[in-house]
Amino acid sequence: MDERCTLKRCFSHPPPEVFEAARLLDAAVSAHMLGRREIAEQLIRLADMPAIAGWTNSIWGTGGPWSRPRPVNDPLPYLPEFQRAAKRMPGKTELVALLRRDGFRCRFCRMPLVRKETRDHLRGAYPSALRWESNKNIDQHTALQAMWLQYDHIVPHSRGGTSELDNMLVTCAPCNYGRGHLTLEEVGLLDPRSDEVQPSDWDGLERFRP
């Protein structure tokens, strides 16, 4: 059997609540831009759905894919710090190019994404509606936690991967942390680079930013 037949596109497809939350957040930004702050605040609260947290925790929580790698032939070694690429993350110019190439959707599960900087601006305007009280997952807005845009390495940095654009992808937080330091082969995922980036009108709520 072709090994590709046993590989998956993502760990677990996002539940419908993720996409409903994205719709609500998009509507909240539109309401904000029209000066309708009470409606925007209500929509942000509605997007904070418990079902999303359950899905997220199933991927990056205890027992997630990161904790049970598949046996592979000749696995990439874990490199000591001094042997890893000195530059772990791309610079600002490269990040702009990466976002222009991948857009604001996870290259694995295709969920809509929001950058941390944009989330912080939204939280600054609506601190009581957008929960982010601590670094504990339970204290964070479930939708914006799951939709947290990440810059992920195909070959993990700890296994010799570089920050060159051909080794980088835009992903969601669950897909990034669910894989951890494992290779695609070790978690049984297809390489998203084999598919073309699908066009999308989701703007990552970027229009909210000053």
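Brief remarks on what is shown
- Across 111, 33, 168, mean-square fluctuation computed from a Gaussian network of the chain (C-alpha pairs under 10 Å connected) peaks at 33.
- Order of 166, 48 under a 10 Å beta carbon neighbour criterion, fewest first: 166, 48
- Stokes-Einstein D in µm²/s, Kirkwood radius over Cα pairs - segment 3-191 at 37 °C with 0.692 mPa s viscosity: 186 µm²/s
- For segment 56-108, a crude dipole built from +1 on the beta carbon of Lys and Arg and -1 on the beta carbon of Asp and Glu, taken about the Cα centre, is about 220 debye to the nearest 20.
- Segment 174-210 and segment 8-54 have Cα centres separated by 19 Å.
- Placing unit charges on the Cβ atoms of the charged side chains and taking the dipole of segment 84-157 about its Cα centre, the candidate lying farthest along the positive direction among 113, 86, 146 is 86.
- Dipole magnitude of the chain about its Cα centre (Cβ charges: Lys, Arg +1; Asp, Glu -1), debye to nearest 20: 340 debye
- Only helical runs count toward this figure. For the chain, summing -39,500 (n - 2.57) over DSSP H runs of n ≥ 4 and dividing by all residues gives -10500 deg cm²/dmol at 222 nm.
Values quoted throughout were computed directly from the atomic coordinates according to the rules given, and no laboratory measurement underlies them. Given the structure is predicted, the values throughout are model-derived calculations rather than measurements. FYI the Cβ positions are ideal-geometry reconstructions off the backbone, even for glycines, and counts take in every protein chain you see.
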